[in-house]
1. Which residue, of A149, A135, is in contact with a strand residue (DSSP E or B) (Cβ under 8 Å, 6 or more places away or on another chain) and within 19 Å of P237 (Cβ to Cβ)?
2. What tally of residues in segment 249-264 results from selecting those that are within 14 Å of the chain's Cα centre (by Cα) and not in a loop (DSSP other than H, G, I, E, B)?
3. Of the conditions (1) at pLDDT 95 or above; (2) among the aliphatic types (A, V, I, L, M); (3) surrounded by fewer than 20 Cβ atoms within 10 Å (Cβ to Cβ), A211 satisfies every one except a single condition; which number is it?
4. Mind checking which residues of segment 89-139 are aromatic (F, W, Y) and within 27 Å of T75 (Cβ to Cβ)?
5. Among the residues that make up segment 265-288, is at least one of them in a helix (DSSP H, G or I), in contact with a helix residue (DSSP H, G or I) (Cβ under 7 Å, 6 or more places away or on another chain) and small (G, A, S)?
Amino acid sequence: MLVQLSIRPCFHYTIPMNQHIRDLAKILASNPPRVVFPEGNNHIIQQAARALEESGAVQPVLLDGEEDAISRGATMLTSGEADVMVAGIDHPTKDVLRAGLKIVGLAPDVRYASSFFVIDVPQFQGGEQGLLLFADCGMNIQPNAEQLAAIAMSSADSAASLGWQPRVAMLSYSTKGSAGGDSVELVTQALQLVKTGRPDILIDGELQLDAAIVPAIGQKKSPSSPVAGRANVLIFPDLDSGNIAYKLAEHLASGHAYGPILQGFARPISDLSRGSSVDDVIGATLITAGMARTS
């Protein structure tokens, strides 16, 4: 059952985000994708959907939030009734993933699904107009080299779908052999897999975080790197580091983390945090909808 957008926000929401995301909203408005929200009975979803509808960026379709709503939303993706699904505010991640894997399926040539956040930290001048893509922060606990390479490749494709020119850094506690260890070796193995399988991706590693995003440090630690100091896509070696990093950006740097957004699926899907605010839902929806332009 569909839900009518009958509940208006108690105050007017705009698109209060990074300029790049506002520009994306304008691009989407020229051909707004249909976004299905399975949990359309949730008041936060209703407020976000109202703001998005008024912006003209997307066409919201709200379901009733019943037990099978996630599956019904996924089915709408495969039947062509919707272009994007934004779910998870009232359901655990496993429910969204199950529907994605069983109903939507993976994209061609993709073996592993993963997830990413788009991070917006005030005053940060690097990345992509102040934005960074963090992966994987929500799915793969301890990826092996093949899985880590797949995460990097999917993340580069996700960034490109948003209009970025991906510059991918494979992160570590080491920069170009400054330290050793099994995890460093795993990152370098993953890097070589990406370079072999996707030579079109601009990628380097292993790089420490500061060497990846601070130009002066990148130039000092890895002067010959095509990515150091100017990365906009950060690939973390495991779920611990990725999850901790995005929450540090949120809570210590007053950043916004939009996501998690699933990647590697045949259609764009966002798995919202159950603590999402209206702004979080708006941002995640716009980013996920941006991916629909190339899916």
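The values are calculated or read from the model by the stated rules, or taken from the named source; none is laboratory data. Worth saying up front: this structure is predicted, and the values here are computed from it rather than measured. When we count neighbours, we look across all protein chains shown, and the Cβ atoms used for this are built from the backbone with ideal geometry, even at glycine.
1. Working: A149 fails: in contact with a strand residue (DSSP E or B) (Cβ under 8 Å, 6 or more places away or on another chain).
From the options A149, A135, the qualifying one is A135.
2. Taking segment 249-264 as the starting set, the residues that turn out to be within 14 Å of the chain's Cα centre (by Cα) are 256-264.
Filter again for not in a loop (DSSP other than H, G, I, E, B), leaving 256-263.
The total comes to 8.
3. Condition not satisfied by A211: (3).
4. We begin by selecting, within segment 89-139, every residue aromatic (F, W, Y); these are 112, 116-117, 124, 134.
Residues satisfying the conditions are Y112, F116, F117.
5. Within segment 265-288, one or more residues are in a helix (DSSP H, G or I), in contact with a helix residue (DSSP H, G or I) (Cβ under 7 Å, 6 or more places away or on another chain) and small (G, A, S).
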